[in-house]
Amino acid sequence: MDNTILWSGIIGQKDAIDRICASLDAGETHHAWLFVGPRGVGKWTTAKVMAAALNCEERGCGSCGSCGKVMREIHPDVIHIEPEGNFITIDQVRQLQQTVSLKNFEGNTKVIVIDEADKFTPEAANAILKTLEEPPPAVVFILVTANIDAMLPTIISRCRQVQFSPIPAPEMATFLMERHSLSYDEAMLATKLSSGILGSAISFAVSPSKQERRKKVLAIARDIDRVDLARLSFVAEELLAEIKKGVAEVQERQKKEFAWLKEQSGQKDMPAHLKKNIEQKHKREASREEHQGFEEILTIMVSWFRDIIFSKETGRDDLLANQDRILEIKEHVDLVTGADIYRCLQIIEETKQLARFNVNMQLALETMLFKIHEVVTVKDTSYF
Ligand SMILES: [Zn+2]
C-alpha cells in the first residue's frame, strides 16, 4: 500500500499490518476481523487506521476530511462499541444491528469496532454471532480483545484473526526519541515505566502533570512505612485527586475540540448525529482516562517495589525501571524483607484486578495503602 502515513504511526506490529494491508490491497476485505493481543500495543489505533483506509478515496491518505474524522473518532459510519459497565449488553447489540441495517451517512464502508469483545453477555454474544453469520453488505466488523480465551469459539471462527505482540523496548524508545524529541535517557525511562504500553509512554513523556504524578506516587510508596496510620485516608484522597486532575485535563481539551469542530461545521447548530458521536467519544475518553489514571498509579507503585526486589536479588542497576531513583531504591533494600515486598506486590495486583469491576476507587486505594502499611511497618513486637 502506498499510503503509509497513518500506518507508520503504529510501531512494532509489522506482521499484523502486513496481513491487513495485503487484504486491503487485494480489494476484498473480510467482513469480520479479530485483533488479539495485550493492552496498549496498538490494536485500537490499527482498527481506526483500517477504518480510515476503507473509507478514504486514497485508501488512508491521512489528510482528507474522511481520514480526519475517523482518526478523531467522530466519523458517522465508524462506530465504536465497548462494554457499558462490565458487559456488552443485548441492548447494545440490538442497537448496533439496527445501525448496520441503515444506509451509510457518508462513507463507503461502515466499520464497527468492538472493544473488549470478550465481554459480551451470553445473550449478546448469540445475537452478534447471528450478525457475523449473515453479514450485512458494506460493513466490516473489527473485534478487539486482550483476552481471547474468554470468547465464544463460534465467534472467533467467524473472524479473521490478527495477532498483536508486545512492543519491543528498543523500538518504543527509538519512536519516542524520533517523534517526541526525547533524549535517550528520557526515552528509556518512559519505556521502562510504561510496561510496553505505547500510549502510556507517550503521555508520560509529553505531559509534565504525569511526571508530577509519578513523583508524588513514588514519594508515597517510599514513605509509606513512616506514614501515620491516621493519615492514610488522606493519602488515598491525594491519589484520587491525581486521577481526577487527569480527567479534568482531558475534559478541558475536549471543550476546545468541541468548539473547534463547531466552528469547522460552519453551522449554528452541529448536525445531531455528529454531536452525538462527539459526546459519546468524549465520554469514552474521560472514562478511559479515569481507569488509566488508576492503573498508572498502581503501576508506579509496582515499579517501586519491583525495583527494590530486583536490586535486592540481582544487585544490577540496569534492570531497574526507576533509573533516576537508584540511590533511594538502594537505601530501601535492607529495610524490608523479600517476602514482605512480594506481599506488597500481591496487594497491588489484587487492587489492579478490582479495577476491572466498577469499584469505588478511593476505597480501593485506601484499602491497598492500609494493607501495604501493615506489611512494611516495623513490627515493634518482634523486638521484645
Ligand atoms: Zn484520506
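Every number in this text was worked out from the coordinates using simple rules, so none of it is lab data. Please read these numbers as outputs of a predicted model, since none were measured by experiment. Cβ: placed from backbone, ideal geometry, glycine included. Neighbour counts: every protein chain shown.
The packing ranking of peptides 346-352, 98-104, 130-136, 115-121, highest mean first, is 115-121, 346-352, 130-136, 98-104, where packing means the average number of other beta carbon atoms within 10 angstrom of each residue. Angle of helix 169-180 to the longest C-alpha principal axis of the chain, folded into 0 to 90 degrees and rounded to 10: 70°. Angle of helix 122-133 to the longest C-alpha principal axis of the chain, folded into 0 to 90 degrees and rounded to 10: 40°. According to the calculation over all Cα-Cα pairs in segment 207-383, the P(r) per 5 Å bin from zero is 1, 8, 15, 17, 16, 13, 9, 7, 5, 4, 3, 2, 1, 0, 0, 0 %. Backbone amide hydrogens, once placed in the peptide plane, bring Leu143 within less than 5 Å of Trp33, Leu34, Phe35, Ile114, excluding anything fewer than 5 places away on its chain.
With axes computed from alpha carbons, what is the tilt in degrees of helix 184-193 against the longest principal axis of the chain, rounded to the nearest 10 within 0 to 90? Between the helix axis and the principal axis of the chain, the angle is about 90 degrees. Computed log10 I(q)/I(0) for the chain at 0.07 Å⁻¹: -0.37, from the Debye equation with unit scatterers placed on every C-alpha and solvent omitted.
Most tightly packed first, judged by the mean number of other beta-carbon atoms within 10 Å of their residues, the peptides 266-272, 329-335, 28-34, 170-176 read 170-176, 28-34, 329-335, 266-272.
Each residue of segment 8-25 was assigned a 3J(HN,Hα) from its phi angle through the Karplus expression (A = 6.51, B = -1.76, C = 1.60, θ = phi - 60°), giving 6, x, 9, 10, x, 10, 4, 4, 4, 5, 4, 5, 5, 5, 4, 5, 5, 4 Hz with x at Gly and Pro. Note on segment 7-163: Kirkwood hydrodynamic radius from all Cα pairs is 15.6 Å, rounded to one decimal.
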